[in-house]
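One structure is given here, and the rest of the page talks about it.
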Amino acid sequence: MTAIQEPVSPADVYGQPYAYVRRELTEPDWRRFPGWREVTEAQWRDAQWQRVHCLRNARQLKAVLGDLVDERFYDDLAADQRELATMSMLLPPQMLNTMDVSSTEAFYADPVRRYMLPVRSDRDPVWPSHPHSARDSLHEAEMWVVEGLTHRYPTKVLAELLSTCPQYCGHCTRMDLVGNSTEQVAKHKLALKPVDRQDAMIDYLRRTPGVRDVVVSGGDVANVPWHQLESFLMRLLDIETVRDIRLATKALAGLPQHWLQPKVVEGLERVAGTAQRRGVNLAIHTHVNHVQSVTPLVAEAARTALDVGVRDVRNQGVLMRGVNATPAALLDLCFALQGEANILPYYFYLCDMIPNAEHWRVAVWEAQELQHAIMGYLPGYATPRIVCDVPYVGKRWVHQVAEYDRERGISYWTKNYRTGIEREDPDALARRYPFYDPITTLPEEGRAWWEARRSRP
Ligand code: SF4
């Protein structure tokens, strides 16, 4: 009789730094939460139920978690919201359900919790913000050609249709505009009525045939009433020169129930059919940062979008310390996206230089090491690029840095096109544009250099 052999992990055979093991996706059981013991499967799959039961403050969170988490966590959360949060709290049940609530320590350590429910003690105690951090650190509003339409790259625009999302991420780069005001941040408001803003965007695109690629975003397009979104997309599809349309929605992972509603699926099918007939690439871009978020419902939402004719579903994650900034965390996530959920791992962005984000940000050299560590495991086309979104430049692959002062943590970048506000600037293409590493990652001399500048009167 032949003995049954245990499968051999490639790591055991070749001593690989990362061992790929195929893992089935699972939807954690929400009934483990005291507040959701009676919630049925039908309720859980209902987008409206999810929206109504989103958690907006520590009191609501406590009503769901009960004694699973100690009082000190709620105090820590309240302190953060009072003193440092740049985003208000908005957490769909779907997202809370992917977190580990087996103990207070596990909840504190949970990677999804770390960016969706930041607490005071998470933040960097010495340098919570970099001296060069800024609201709207990418200067998107400065590059608006009409309200909400950022023309930064030569052939691409970003259309911000609204300033809300079904979930608010602690590290949101559009913290200037997106979400409700917090104790620390009075948000800017879009002034035009949505219909007027959309008209102005369409008008600009009709007048600007050099733009071929439109990222339709916000906020999150899942918060645009479907009939309005469909009408906007159909008008975009009427413009002959628009060849790529990408819909930006973290809700595909944060609230997949939204993208599974019959009226949304049917509408998406109409839009995708029109895009196919006109030869336009229609894609969904989502934002998943950790493998725990990739559940069967997320895979179902992505599969459904592909089934109705969307050409591709891609992921643009954000690289964050304590969340996913290790080779194993990135590869686990990418394999789940690519292998189990039909979502292409596309980009990981360095966390932008917004206020109070230093504890999440990683240095450029760390990002370079991570890029190196993840090469060669995934199919080449599904190996994500780690990119730095350099103010006034745009996305640069982390190895493209032109010059790098490691002691002070200042990297310098160049570019090969003018942004919308530099058409008359003769030096735009010759200039070097700086980006800054978190000060706590610097050697002692570098930290002292910044400290000396901070203490100057
Ligand atoms: S989903 Fe995107 S736009 Fe909305 S809060 Fe998160 S990062 Fe910001």
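Here, each number is a calculation from the coordinates, and none is a lab measurement. Being a predicted model, the structure only gives us computed values, none of them experimental. Here Cβ is always computed from backbone atoms with ideal geometry, including for glycine, and neighbour counts include all displayed protein chains.
Taking label positions 7 Å along the Cα-Cβ direction at both Arg206 and Trp397, the computed distance is 4.0 nm, reported to one decimal. With the convex hull of its Cα atoms as the shape, the stretch 28-122 has an orientation-averaged projected area of 5.6 nm². Packing, as the average of other Cβ atoms within 10 Å across residues, places the peptides 234-246, 152-164 in the order 152-164, 234-246, highest first. If one puts a single equal scatterer on every Cα of the chain and applies the Debye formula without solvent, what log₁₀ I(q)/I(0) results at q = 0.10 Å⁻¹? For the requested q values the scattering log ratios are -0.76.
Peptides 181-190, 112-121 ordered by packing proxy, namely the average of other Cβ atoms within 10 Å per residue, highest first: 112-121, 181-190.
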